[in-house]
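Taking it in order: structure first as structure tokens, then the write-up.
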């Protein structure tokens, strides 16, 4: 198929759908990147090996430098992943991380995945000042600290490090912490979190978090700090580190001013 002409001034526009890289104003590496993107998003299953640089260069009649540039951009975007000594593979699809008050366990089950939880550490100790303030604790008052690794279908997805109000949730650390914590709290204490305020940011993985999640130190993470309340009383201050290669955030935006007190959608 020949390259197309736009209706404005006759500029040559490559027809990416044709699967060919052509001469024109659009750089060849950009053309090849879009061709590969269509293949990845439309035809190739996650974990599929793509052809080698040499094979792609021959197939699309471009230099290996052009192929390397196109693949590098797709790796940066999270569509491809490199495995040393093995090749380049299509990455696992990112899951939509929508901002609503739901447990990890319930969210994974909703997606048809099997959630599992590994308890990393528990303690009852004095929290940092920011957490003590968030939970309404007096200076020097202890709280429950809980760290857990969350998996779905055996794949590590998130590390959670949370603090819990001992007055509202006495004996929490004695419950089965490998199950949904929200379900345990509802069952043991007849408490359901009815409101939360959540803050999100991006962060590079430190060595310990990277080790737990099976990624490299410095890889991108999505981080969420959530302070949850029940009947107006703060009970949970939890920070979660999600793998940036497995998640993307989805939000619905309306043309209205936010409420004065903020809140979580």
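Bear in mind these aren't lab numbers, they're just calculated from the coordinates by the rules spelled out. Keep in mind it's a predicted model, so treat the numbers as computed, not measured. A quick note on method: Cβ atoms are made from the backbone with ideal geometry, for glycine too, and the neighbour counts reach across all protein chains shown.
Structure data summary
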read-out: Exposure proxy order (Cβ contacts within 10 Å, fewest to most) of 190, 206; value: 190, 206
read-out: Cβ-derived FRET efficiency at R0 45 Å, residue 20 paired with residue 123, nearest 0.05; value: 0.15
read-out: Where a label projected 7 Å from the Cα of residue 186 along Cα→Cβ would reach, residues of region 204-234 with amide N under 12 Å; value: none
read-out: Label-point gap, in nm, between residue 113 and residue 86 - each point 7 angstrom along Cα→Cβ; value: 1.8 nm
read-out: 189, 144 arranged by Cβ crowding within 10 Å, fewest neighbours leading; value: 189, 144
read-out: Global geometry of region 95-250, whether rounded, prolate or oblate, following the gyration tensor of its Cα atoms and the 1.5 cut on a/c; value: prolate
read-out: Difference of contour (0.36 nm per residue) and Cα-Cα distance, residue 65 to residue 211; value: 49.3 nm
read-out: Proxy reagent accessibility, fewest Cβ within 10 Å first, across 28, 73, 187, 86; value: 86, 187, 73, 28
read-out: Cα gyration tensor category, rounded, prolate or oblate, for region 171-218 with a/c compared to 1.5; value: oblate
read-out: Normalised contact order of region 95-250, rounded percent, pairs of Cα under 8 Å and 6 or more residues apart; value: 25 percent
read-out: Radius of gyration, Dmax [region 117-201; alpha carbons; angstrom]; value: 13.5, 42
